[in-house]
Each structure stands twice: as structure tokens, then as C-alpha cells.
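The values are calculated or read from the model by the stated rules, or taken from the named source; none is laboratory data. Note that the structure is a prediction, hence the values are computed from the model and not measured. Positions of Cβ are backbone-derived with ideal geometry, glycine not excepted, and every protein chain shown enters the neighbour counts. The area values use the complete protein model at the heavy-atom level, side chains included, leaving out ligands, DNA and RNA. Shrake-Rupley method; radii C 1.70, N 1.55, O 1.52, S 1.80 Å.
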Amino acid sequence: KAAQSVLRENLIWRGALDRAGVAGSLAAADFFLIGSKSDTWGAVLNEAIYFHRPIVSSRNVGGSCDLVLPGITGWSFRSGDVADCVAKIDAMHRSLDSDSFAPESFEALKKEYSAREAALGIVRAASS
């Protein structure tokens, strides 16, 4: 219950947002939290990377294994494990104070997971 209280008191829960709402919220955020029980990729992770926002993500969000690099672009937690989620949020708060999230890490991921790279990957796969 203490962990749930921390979540209620220290986070702003936005719920579903349209494109403009996502951009505005990410631009204003210290970090991005996605707690989905299941998500094939989680395109909003790419949007958080675009805005250089560190991420706390459920491991059940497909893109988290590629985009959430522990201590570099954020942390992932076991889905449904509130204590693990709170521990990762706590780690995030400590890291935000130390400026440990380098813009270069976000820029590298933006390039690697861009629409252009995805299209080139499809072309390469179709050509082989």
C-alpha cells in the first residue's frame, strides 16, 4: 500500500491522449512511465525517445527490450509488480538528479529505430 501511495502522490496520470496531447505531455515531463500489461511494440516509447525523456516501462511492452536501456534511457519493471515499478521510479528520480541520461544515447536510438531504418530493413528483407 505504501508503494501505491507513492505512485498516486508523485505521478500525473494522463490516460489516453491524442497526438498533440502526447507531444505536449512528453515535452513537459521529467520522464515517461508506461505500465501496460501487454503491448506489441509501444510506439509511444519511440515518442519518448524523440523528446529525450527517460522511460520507466513494463517489460511487457515489446519495444522496451530495445529502447529502454538500464540506466542509459531508463528502466523496465516486471509487469504487475508494483514494488518493482516503484523501485524503478525511485532509481529514475535519483538518476534525474545526477543528469545521467546523455542526449547522445537518445539520438542513437532515434536513428536506429527511425521510420527510414525500418523501411530500409523491409527493402533489404524483400531483396534477399
- Ignoring ligands and nucleic acids, Ser38 exposes an accessible area, probe 1.4 Å, in Å² to the nearest 10, of 100
- Nearest-20 debye value, the chain charge dipole, Cβ charges on Lys, Arg, Asp, Glu: 320
- Task: Report the accessible area of Val82, computed with a 1.4 Å probe over the heavy atoms of all protein chains in place, in Å² rounded to the nearest 10.
- Result: 50
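Can you bin the stretch 71-114 into rounded, prolate or oblate? Criterion: square roots of the alpha carbon gyration tensor eigenvalues sorted a ≥ b ≥ c, rounded for a/c under 1.5, prolate for a/b above b/c, oblate for the rest.
Judged from the Cα gyration tensor, the stretch 71-114 comes out oblate (a/c at least 1.5, b/c at or above a/b).
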- With Cβ to Cβ distances under 12 Å as the rule, what net charge do the other residues near Asp97 carry (K, R +1; D, E -1)? -2
- What ranking of Glu9, Glu112, Glu47 comes out by heavy-atom accessible area, probe 1.4 Å, highest first? Glu9, Glu112, Glu47
- Mean shadow area (nm²) of the C-alpha convex hull around the chain is 8.5
- Accessible area (Å², 1.4 Å probe, nearest 10) - Trp41: 80
- Query: Non-local amide H neighbours of Ser76 (under 5 Å, H modeled in plane, Pro and chain starts lacking H): which ones?
  - Reply: Ser57
